[in-house]
2 protein chains.
Amino acid sequence: MTDKTARVVFLPSGRRGEFALGTRLLDAARSIGVDVDSVCGGRGLCGRCRIICTVGDFAKHAIQSKAENLSPLCEVEARYGERRQPLQKNHRLSCQALIRGDLVVDVPPESQMHRQVVRKQAEYRDITLDTSVHLHFVEVQEAEMREASGDLRRLCEALEREWQLADLACDPVVLAMLQAALREGEWRVTVAVHNQSRIMAIWPGLKRFAYGLAIDIGSTTIAAHLCDLATGEIRHTGGIMNPQIRYGEDLMSRVSYVQMHPEAATELTEVVRDGINELIADVAREAGVDTDDILDITVAGNPIMHHLFLGISPVELGGAPFALAVDGALDLRARDLGLHVNAGASVYVLPCIAGHVGADAAAMVLAEEPHLLEETSLVVDVGTNAEIVLGNRDHLLACSSPTGPAFEGAQISCGQRAAAGAIERVRIDRESLEVRFSVIGSELWSDEPGFEDSVQAFGVTGICGSGIIEAVAGMYLSGIVSADGVIDGSLARRSGRVIPDGRTWSFVIHEGKQTIKVTQNDVRQIQLAKAALYAGTKLLLDRAGVEQIDRIRLAGAFGSHIDTKYAMVLGLIPDCDLDAVESAGNAAGMGAVIALLNKATRKEIEDTVRSIEKIETAIDPNFQTYFVDAMAIPNKSDAFPKLFTAITPPAHALEAEGGGNRRRRQRRRAEPR
Amino acid sequence: MTDKTARVVFLPSGRRGEFALGTRLLDAARSIGVDVDSVCGGRGLCGRCRIICTVGDFAKHAIQSKAENLSPLCEVEARYGERRQPLQKNHRLSCQALIRGDLVVDVPPESQMHRQVVRKQAEYRDITLDTSVHLHFVEVQEAEMREASGDLRRLCEALEREWQLADLACDPVVLAMLQAALREGEWRVTVAVHNQSRIMAIWPGLKRFAYGLAIDIGSTTIAAHLCDLATGEIRHTGGIMNPQIRYGEDLMSRVSYVQMHPEAATELTEVVRDGINELIADVAREAGVDTDDILDITVAGNPIMHHLFLGISPVELGGAPFALAVDGALDLRARDLGLHVNAGASVYVLPCIAGHVGADAAAMVLAEEPHLLEETSLVVDVGTNAEIVLGNRDHLLACSSPTGPAFEGAQISCGQRAAAGAIERVRIDRESLEVRFSVIGSELWSDEPGFEDSVQAFGVTGICGSGIIEAVAGMYLSGIVSADGVIDGSLARRSGRVIPDGRTWSFVIHEGKQTIKVTQNDVRQIQLAKAALYAGTKLLLDRAGVEQIDRIRLAGAFGSHIDTKYAMVLGLIPDCDLDAVESAGNAAGMGAVIALLNKATRKEIEDTVRSIEKIETAIDPNFQTYFVDAMAIPNKSDAFPKLFTAITPPAHALEAEGGGNRRRRQRRRAEPR
């Protein structure tokens, strides 16, 4: 060592310091709080601490950075280059390079420990990578006769010496692998440590990657995002149908099934866990990842799926007072839940907000962050119940409202789940009352040439949630349905599509192998559902004393696929600038990803959930009044929205406008220009 | 309330205080630190807080105690009497009785929370009952619409309010039972809490009893003590053969088996766990206890059994440097070990001391408490290896010594395990060289009338560990074997029992269907074993600088069954007053019981084990010297023990003396008067 010093500036943070010549760049960086990653603990093995020596005369930094101001490429770096990939010009391993003079050093994003996760889509908040699980490479003192301590004790001593991890517990599953790993790795092993407190896995030698899964258990589909815990990258996203569907399409029928067959709760739990295991295997295979390398899982889901996944009977959620068994977040072991990932893996289950406002709503809040914004948000996820969250960083309120399954196409005469053959877009000409529509699985509108061929494989089989909303909204805009929701039978004179149907009238959307029509009862079902949704929102607005909503987010499958314009025409959501209404896509899944990649957000959502004011719509005397008022289309109690003025031109013109939702939602198929 | 006060003295503690009239006796007791038990939290349900109002004029206490100085028997106490058993005269529930005047109150042992456990045998230390698991009865706030919190949160609030238990975690297995228990118990439940931190089980209504198991996994047998955690009483003790025996009688052959078939480690683990489950079911059935009510388990075992039980391959323990995977104590879940008890039950595995000094030795220390005594103890457990602990409260040392399995009857020409038909006692007449013996399974000596009939069912099949020791010692005392261990062939002229056997001589113990004899090689095996044991002890004495041993404890099956006199004749143990040598019985099992009933002893043994000085005999240069020196009978390096003088009279006389061991050891059968 010399007593001479040199100045080093680290980019992009701009932190600078003066260091003795001969100091390792990694030590220099860490001493002034520049967080450079490392798995191997500075042995030149993992390459995670790679930096770029930025050569040149940096007037801004008053520093002359020259390549020779770093020690020359050493043997360890050469070996690293041979084993992995040669280091590019000016790229160095900061654990090997020594300071020889003034330097400007760039720490690239992939070498930053708490880097921003760069995502392809811009809908959600930025995530700073800070996972619960970390990999640590250590060299353990060999076993020898003179030393009676067990291998685990010497492993823990090494982890404390090299990584300052004290008082670690060891998962029992690691005990069985410990000795073989140490000997196979010649006393060099990588361990995964959970929350700086539990050794959860061990591998011989250097292990550079570990993975996590964010799972959203929906009533209809289960989705999983497989993330690289080292980079935060979503490596693969997959989904399967919830195999519980054979016990009932909607949640309440599954609960009824358990009410009638109490022993079936276990069966439903097994079925959903089997489904998740199948999904895990699929997603891992697609990403080329070994399921044994999956160490952390976050789970969101509505209260009933949450309970069934945890092995809790959902019967209490099927009747008043709708008591959750557990509302708080849970830290569990994957093996206790029968999940086929690493035997030491952790599972974090997000908290539920209330009996009908589940961990999916909590995850949705985490993704849409109404609790962090000054502006007032309304975040809605529509399923069998609508979960509604309103508020801003000062105060949040939540409730659920019994919309029933009409928005999902159930209890609609020609309704069906969103699947190939389902009508999902409907346009009605206000003059001729003629109809054009599109179906899932075809790129064409029904009046375009080749449409018949394009749907031949599956046919036109029914109408899904977004289709029925557009149909009823279109019927209203073209005068087929009155503000009271009555189909005007007198129009039968003008159009053959208006037909008598028992003592009421129906409107035919499509005449083919099957006749797809909207009945008077269908209109009533949609009115009931939308009135429930609107009344729930109104109740929250009332309680919060809020008059102006700044942004509306529609989450979940429903929110992703409905056209927000039609939702407003029907009065599903309160008056708001159309541009401020957006689809939140799979916000619950994204919330689970956030909780997976940044452990601080777990505490954040737990605190937020506890502070949310929970409103029980079923016992609020105003709810019925709001509900009845909201039966009208759009809503009797609202000033007719300015939107309506905007869409008085014939429905065809609507398409050209480009509703707010259009920009962002994940499209199942492109609309024609 | 009145502002008048009364004086109350609590017996047996003698604590006294002055209390406002109208104070509940239970509150009064607790306010001055008199610990009165309660499961129901003062509701008059459990009867655990029952006290006796001692009526009379107590000059000693300056108090006039009268029955009317307590409030009259109330309705709750009457109901308790109807439901359980009527309260005797002057017996009251202290949670119901109010102070009306001066009182002398006796808290009977069964109402003391930290009572002394009364045991039938007096060999071991006293145990103050203070278990890891406690039962708590609580009334939980009912679920209601206005309150969104889950049942678990309200349960935790009740536990904090009524029992001051804060921040409890809940085992995931409890989640599944929670709602049904609360509703079945009409919001009154009993929960079991582990270490004041984890809810491990739940039952509707009042649950008064929970059980624990202390298990000692030996190479040959597995023993279990089922204890009532409320009283500390051992309800039943049971044992089974270790089913691993089919993989090898002694431990090293099982390790060799795994070395040759590495995948068999899992198989051996399954086999021992299956055996333990069978034992648990047996013991519970015998005691009339539901296995689901077993909530806590402590486990001791030698290092190889310890590892196999935990699912760790024992191959590293089969060769230098004999590294343990884990030496520290472990807190685990029974379900992670596949044990069929309550799904939330805990398992505490005692620490190992060193590679060949296992958790059984640690448990033996806990039971024999050398670490607490001023006098210097030598505690020895002989198996395939001898585990030796020496020292006192200032310093303990431990080592293992490779005695081999000769003391267990293995590698002896006619040797066998201690089972029906095995010769266990041998007396040789010094004049005639005639032999009398007894066998396991018969009450008679071989020269008594009816002996032949008494052994007919199994025959005389071999000689077990204690038998071979008495035989060789007797041969030495009668001059058949020299101090160098050579059988004197010239005696063939005097006795037909001395017979030529290849190039050496043998001594016939029994001539029947099978000839049971002691060969020259058998004497050598015993010499090697006893030399190893003695050399290990000598090494510890040397290191400790100890010359005088105050007490010797021989633990385990071997220690229980050998006659200490003969052990000293052979020089197995160093010179010591014969009265100071005792069998420690199943000290490992008793240590596990102690750790089960008093949680503070867990920390105590962990600290003790860490502070023990571990001596590795295999690398100590003096060990070989001591070993060679100790080959002689008794031992070349010792002054001939004064014992020898004591037993120069003919061997017959020995029996009348009553060796130190005789008083205390568990006898397999009575010796004749």
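Details
- Qualifying residue in segment A:64-75 (condition: within 22 Å of A:Glu110 (Cα to Cα), more than 37 Å from the chain's Cα centre (by Cα) and open to solvent by 80 Å² or more (accessible area, probe 1.4 Å)): yes
- Exactly one residue out of A:Val189, A:Val138, A:Val117 is modelled with pLDDT under 95 and among the β-branched types (Val, Ile, Thr), and it is A:Val117.
- Flag for B:Asp250 being touching a helix residue (DSSP H, G or I) at 6+ places or on another chain (Cβ under 7 Å), more than 19 Å from B:Gly288 (Cβ to Cβ), touching a residue at least 40 places away in the same chain (Cβ under 8 Å) and surrounded by fewer than 24 Cβ atoms within 10 Å (Cβ to Cβ): yes
- Qualifying residue in segment B:302-312 (condition: within 14 Å of chain A (Cβ to nearest Cβ), open to solvent by 10 Å² or more (accessible area, probe 1.4 Å), modelled with pLDDT of 95 or more and part of a loop (DSSP other than H, G, I, E, B)): yes
- Cβ-Cβ under 6 Å pairs, at least 6 apart or on other chains, segment B:164-176 side within 10 Å of chain A (Cβ to nearest Cβ), far side of a type in the set (Val, Ile, Thr) and buried (at least 19 other Cβ atoms within 10 Å of the Cβ): B:Cys170/B:Ile199; B:Val174/B:Ile199; B:Val174/B:Ile202; B:Leu175/A:Ile312; B:Leu175/A:Val326; B:Ala176/A:Ile312
- Test set (1) over 27 Å from B:Glu316 (Cβ atoms); (2) within 14 Å of another protein chain (Cβ to nearest Cβ) - A:Cys227 fails condition number: (2)
- Conditions (1) more than 22 Å from A:Met364 (Cβ to Cβ); (2) at pLDDT 95 or above; (3) of a type outside the set (Ser, Thr, Tyr); number of the one not met by A:Gln527: (2)
- Residue in segment A:168-190 that is touching a Phe, Trp or Tyr at 6+ places or on another chain (Cβ under 9 Å), open to solvent by 20 Å² or more (accessible area, probe 1.4 Å) and aliphatic (A, V, I, L, M) present: yes
- Meets criteria (over 30 Å from A:Glu448 (Cβ atoms), crowded, with 24+ Cβ neighbours inside 10 Å, among the charged types (D, E, K, R) and more than 14 Å from chain B (Cβ to nearest Cβ)) for A:Asp381: yes
- Meets criteria (aromatic (Phe, Trp, Tyr), at positive phi, within 14 Å of chain A (Cβ to nearest Cβ) and touching a residue at least 12 places away in the same chain (Cβ under 8 Å)) for B:Phe322: yes
- Between A:Ala544, A:Ala557, the distinction of being more than 19 Å from A:Gln624 (Cα to Cα), of a type in the set (A, V, I, L, M, F, W, C), out of contact with any Pro (no Cβ under 7 Å at 6 or more places or on another chain) and open to solvent by 10 Å² or more (accessible area, probe 1.4 Å) belongs to A:Ala557 only.
- Verdict on B:Glu186 being outside any strand (DSSP E or B), free of Cβ contacts under 8 Å to residues at least 40 places away in the same chain, away from chain A (no Cβ under 14 Å) and within 30 Å of B:Leu73 (Cα to Cα): yes
- All told, A:Glu286 meets the bar of being in a helix (DSSP H, G or I), touching a His at 6+ places or on another chain (Cβ under 8 Å) and open to solvent by 30 Å² or more (accessible area, probe 1.4 Å).
- Residue count for segment A:525-561, restricted to those that are within 18 Å of A:Gly383 (Cα to Cα) and assigned to a helix (DSSP H, G or I): 19
- Candidate set: segment A:126-159, residues that are open to solvent by 30 Å² or more (accessible area, probe 1.4 Å) and away from chain B (no Cβ under 14 Å); chosen: the one farthest from B:Ala398 (Cα to Cα): A:Asp126
- Among residues of segment A:569-602 being of a type in the set (D, E, K, R) and either at pLDDT 90 or above or not in a helix (DSSP H, G or I) (or both), the one that is nearest to A:Ala210 (Cα to Cα) is A:Lys599.
- Identity of the residue in segment B:446-487, in a helix (DSSP H, G or I) and charged (D, E, K, R), that ends up surrounded by the most Cβ atoms within 10 Å (Cβ to Cβ): B:Glu470
- Of the residues making up segment A:55-95, those that are closer than 21 Å to A:Ala6 by Cβ and outside any strand (DSSP E or B) number 17.
- Some residue of segment B:271-278 being surrounded by 23 or more Cβ atoms within 10 Å (Cβ to Cβ), more than 24 Å from the chain's Cα centre (by Cα) and away from chain A (no Cβ under 14 Å): no
- Check on B:Arg92, open to solvent by less than 60 Å² (accessible area, probe 1.4 Å), at pLDDT 90 or above and among the charged types (D, E, K, R): yes
- Checking each residue in segment A:367-423 for being in contact (Cβ under 8 Å) with a residue 40 or more places away in the chain and basic (Lys, Arg) picks out only A:Arg417.
- Test: A:Asp296 is surrounded by fewer than 24 Cβ atoms within 10 Å (Cβ to Cβ), among the charged types (D, E, K, R) and either more than 14 Å from chain B (Cβ to nearest Cβ) or touching a strand residue (DSSP E or B) at 6+ places or on another chain (Cβ under 9 Å) (or both): no
- Only a single criterion out of (1) open to solvent by 10 Å² or more (accessible area, probe 1.4 Å); (2) touching a residue at least 60 places away in the same chain (Cβ under 8 Å) is not satisfied by A:Cys40, namely (1).
- If you go through segment A:152-175 and keep only what is part of a helix (DSSP H, G or I) and either within 34 Å of the chain's Cα centre (by Cα) or of a type in the set (A, V, I, L, M, F, W, C) (or both), you end up with A:Leu152, A:Leu155, A:Cys156, A:Ala158, A:Leu159, A:Trp163, A:Pro172, A:Val173, A:Val174, A:Leu175.
Matching residues to (1) within 9 Å of chain A (Cβ to nearest Cβ); (2) open to solvent by less than 10 Å² (accessible area, probe 1.4 Å):
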| position | (1), (2) |
| --- | --- |
| B:Val315 | yes, no |
| B:Ser346 | no, yes |
| B:Ile353 | yes, yes |
| B:Asp360 | no, no |
| B:Glu374 | no, no |
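- Those residues of segment A:16-37 which are part of a loop (DSSP other than H, G, I, E, B), touching a residue at least 60 places away in the same chain (Cβ under 8 Å) and under 14 Å from A:Leu103 (Cβ atoms), in sequence order: A:Leu21, A:Gly22, A:Thr23, A:Val34
- For B:Asp394, the requirement of being within 11 Å of chain A (Cβ to nearest Cβ) and surrounded by fewer than 22 Cβ atoms within 10 Å (Cβ to Cβ) is not met.
- Of all the listed residues (B:Gly238, B:Gly338), the sole one being open to solvent by less than 50 Å² (accessible area, probe 1.4 Å), within 13 Å of chain A (Cβ to nearest Cβ) and either closer than 21 Å to B:Gly591 by Cα or at pLDDT 90 or above (or both) is B:Gly338.
The values are calculated or read from the model by the stated rules, or taken from the named source; none is laboratory data. Since we're looking at a predicted model, the values are computed, not measured. Don't worry about glycine lacking a Cβ; one is built from the backbone with ideal geometry, like all the others, and counts go over all protein chains shown. Side chains included, ligands, DNA and RNA excluded: accessible areas come from the protein's heavy atoms. Shrake-Rupley method; radii C 1.70, N 1.55, O 1.52, S 1.80 Å.
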